[in-house]
Amino acid sequence: MENLGEGFNGNNHSIIGTSQAIKRIYELSAKVSHCSSTVLIMGESGTGKELVAKNIHYNSNRAEKPFVPVNCGAIPSELLESELFGHEKGAFTGAVALRIGRFELADSGTIFLDEIGEMPAILQVKLLRVIQERSFERIGGTKTVNVDVRIIAATNRNLEEAVAEGRFREDLFYRLNVIPIEIPPLRERLEDMPRLCDFFVEKHAKRFGRSRIVFSEDAMKIFGNYAWPGNVRELENTIERLLVLKENDIVTPFDLPERMTGRRIPELPEIGDDDANPFIGGIDMNAALEEYERRLILHALEMHNGVKSQAARYLNINRTTLIEKMKRLILP
């Protein structure tokens, strides 16, 4: 399986990468794709859990049938039951017509239950029955609806802890956890970073109709040292922002968000108490502004290794203007 990370079996629903962790995920996905066993995908937000679910579906014999995602954490609990199982006309106030739920829509295909750990306890019971019997009743109905549907669930929570704390049914956990797949966070598969960057640059450069950008060695070092709390989703958003805002094609550390570099614009000079100020009537505004201007220029020069043209571009002034200011402030 040498093409792992370039698209499992050639489809467009894959996690990019060739790290050992990603290879293991694809190997496991390949094994389970052609059966109907329930799968539980675990991982932090932004790691690509839905991509793995799609990978399994679109490489299975259900690929021509629907893939129906449901975010159990994004739908209000009072609406989630109707969303999943549907309702009959007149079942409750506002039910003016029959509604087909997501399980029926996914018949012969796959339903993806994201954020399953957020499902209310009352619905956990009904879901347990669906897993066991592949049948249910719509809200307000008496007719049993039978479905042939594969269930893939995902969570960014520790469900075993939730079971121990009484927030998640133990029997449902074991029904879901038939085939567990755990996706590592981006910080644990940094060897995939260059390939991911290339993929997202190509994807969004085409979208924006602009040239590709490349990352300097120092920028990639910062990427490697950053914790990436938002995982692959945060990386993609960062690259998209760079493609929108960056005028040239070389990304340096000074183009990266402050949360990654830790660099800050110098703070304003200490003003002090009016009583201690030697100037009559308050502070010396010209001196304070001059001191802040000095700090900004020194900061810009430090960030750009003393290259005046780059420091001037960072400060949004002309190079000649920067040189004149440096002379006036007697800066080296």
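The values are calculated or read from the model by the stated rules, or taken from the named source; none is laboratory data. In this text the structure is predicted, and so the values were computed from the model without any measurement. Cβ placement follows ideal geometry from the backbone for every residue including glycine, while neighbour counts extend to all protein chains displayed.
Quick check on ALA121: is it at pLDDT below 95, within 21 Å of PRO76 (Cβ to Cβ) and within 28 Å of the chain's Cα centre (by Cα)?
yes
Residue-wise test of (1) assigned to a helix (DSSP H, G or I); (2) of a type outside the set (Ser, Thr, Tyr); (3) in contact (Cβ under 8 Å) with a residue 60 or more places away in the chain.
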site	(1), (2), (3)
ALA288	yes, yes, no
LEU301	yes, yes, no
ALA312	yes, yes, no
THR320	yes, no, no
ILE323	yes, yes, no
MET326	yes, yes, no
LEU331	no, yes, no
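Hey, any hits in segment 129-138 for a residue that's over 30 Å from GLU44 (Cα atoms), part of a loop (DSSP other than H, G, I, E, B) and of a type outside the set (Phe, Trp, Tyr)?
yes
Would a scan of segment 138-150 turn up a residue that is closer than 30 Å to GLU165 by Cβ and modelled with pLDDT under 95?
Within segment 138-150 (the criterion being closer than 30 Å to GLU165 by Cβ and modelled with pLDDT under 95), the answer is yes, since at least one residue qualifies.
Run VAL163 past the list (1) in contact (Cβ under 8 Å) with a residue 12 or more places away in the chain; (2) under 26 Å from PRO76 (Cα atoms); (3) surrounded by 13 or more Cβ atoms within 10 Å (Cβ to Cβ) and report the number of the one that doesn't hold.
Going through the list (1) in contact (Cβ under 8 Å) with a residue 12 or more places away in the chain; (2) under 26 Å from PRO76 (Cα atoms); (3) surrounded by 13 or more Cβ atoms within 10 Å (Cβ to Cβ), VAL163 breaks only (1).
Please work out if GLY224 is out of contact with any helix residue (DSSP H, G or I) (no Cβ under 7 Å at 6 or more places or on another chain), loosely packed, with under 15 Cβ neighbours inside 10 Å and farther than 27 Å from GLY73 by Cβ.
Taking the combined requirement at face value, the residue does not satisfy it.
How many residues are more than 19 Å from PRO253 (Cα to Cα), without any contact (Cβ under 8 Å) to a residue 12 or more places away in the chain and part of a helix (DSSP H, G or I) if we restrict to segment 204-230?
Residues in segment 204-230 being more than 19 Å from PRO253 (Cα to Cα), without any contact (Cβ under 8 Å) to a residue 12 or more places away in the chain and part of a helix (DSSP H, G or I): 2 in total.
Considering each residue of segment 298-332, count those that are among the hydrophobic types (A, V, I, L, M, F, W, C) and under 22 Å from ASP218 (Cα atoms), and give that number.
Residues flagged as among the hydrophobic types (A, V, I, L, M, F, W, C) and under 22 Å from ASP218 (Cα atoms) within segment 298-332 amount to 8.
Give segment 166-196 a look and list any residue that's farther than 17 Å from GLU44 by Cα and part of a strand (DSSP E or B), or say none.
Across segment 166-196, the qualifying residue is only ILE179.
Search segment 197-222 for residues being among the β-branched types (Val, Ile, Thr) and within 30 Å of MET42 (Cβ to Cβ), and hand back the single one that is modelled with the lowest pLDDT.
ILE222
Among the candidates SER29, SER19, which residue alone is in contact (Cβ under 8 Å) with a residue 24 or more places away in the chain, in contact with a helix residue (DSSP H, G or I) (Cβ under 7 Å, 6 or more places away or on another chain), buried (at least 20 other Cβ atoms within 10 Å of the Cβ) and closer than 21 Å to GLU191 by Cβ?
Only one candidate passes the filter, namely SER29.
So which pairs qualify, if the first residue must be in segment 239-258 and within 15 Å of TRP228 (Cβ to Cβ), the second must be β-branched (Val, Ile, Thr) and not in a strand (DSSP E or B), the Cβ gap must be under 7 Å, and the two must be at least 6 apart or on different chains?
Close Cβ pairs satisfying both conditions: ILE239/VAL201; LEU256/ILE222; PRO257/THR238.
Run THR110 past the list (1) free of Cβ contacts under 8 Å to residues at least 60 places away in the same chain; (2) surrounded by fewer than 17 Cβ atoms within 10 Å (Cβ to Cβ) and report the number of the one that doesn't hold.
(2) is the only condition that THR110 fails.
Taking segment 231-263, which residues are of a type outside the set (Val, Ile, Thr) and in a loop (DSSP other than H, G, I, E, B)?
LYS246, GLU247, ASN248, ASP249, LEU256, PRO257, GLY262, ARG263 - these are the residues of segment 231-263 that are of a type outside the set (Val, Ile, Thr) and in a loop (DSSP other than H, G, I, E, B).
Go over the candidates ILE151, ILE139 one by one and state the one that is crowded, with 20+ Cβ neighbours inside 10 Å and either among the small types (Gly, Ala, Ser) or touching a residue at least 40 places away in the same chain (Cβ under 8 Å) (or both).
Just a single option satisfies the conditions, and that option is ILE151.
Provide a single number: the residues in segment 70-105 that are of a type in the set (Gly, Ala, Ser) and either crowded, with 20+ Cβ neighbours inside 10 Å or assigned to a helix (DSSP H, G or I) (or both).
4
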